[in-house]
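In what follows, a single structure is set out as structure tokens and then discussed.
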Amino acid sequence: MANRTGKPYKDGELEVILSLAPTKDNIRWLSILLERSEEAIEIVYKIAFEHGPFGENADIQERKIIDAKERVGISIGRRKSRA
């Protein structure tokens, strides 16, 4: 189902992902709807909410996810990119 592997997220897609709780069912449905792998959806959640070394080298994606979190109004998890 990963037809869009390596392609940028469309406007609003990160906000939709972050608007839903990271449950297994939500990840599965988002994967289908956004034509991304479940792993790709999980990476968005990991970058948004986990601290530690995960995603250290994904500066651009990290910035986009943090910006999307601000637009959605999420106030927990990482708030600034490491770069």
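Computed quantities for the displayed model
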| quantity | calculated |
| --- | --- |
| Modelled FRET efficiency - R0 22 Å, residue 19 with residue 80, Cβ distances, 0.05 increments | 0.55 |
| Theoretical FRET efficiency, 1/(1+(r/R0)^6), r = Cβ-Cβ of residue 5 and residue 70, R0 35 Å, to 0.05 | 0.85 |
| Heavy-atom accessible surface of the chain: percent carbon and sulfur, 1.4 Å | 55 percent |
| The chain: C-alpha gyration tensor shape, a/c 1.5 cut-off, then a/b vs b/c | prolate |
| Lysine-lysine proximity count for the chain, Cα under 19 Å, sequence distance 8 or more or distinct chains | 10 |
| Full-extension gain in nm, residue 29 to residue 63, via 0.36 nm per residue minus C-alpha separation | 9.8 nm |
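The values are calculated or read from the model by the stated rules, or taken from the named source; none is laboratory data. Nothing here was measured: the structure is a model prediction, and the numbers come from that model. Positions of Cβ are generated from backbone atoms using ideal geometry, with glycine treated the same way; all protein chains shown enter the neighbour counts. Quick note on the areas: whole protein, heavy atoms, side chains included, nothing else; ligands and nucleic acids left out. Shrake-Rupley method; radii C 1.70, N 1.55, O 1.52, S 1.80 Å.
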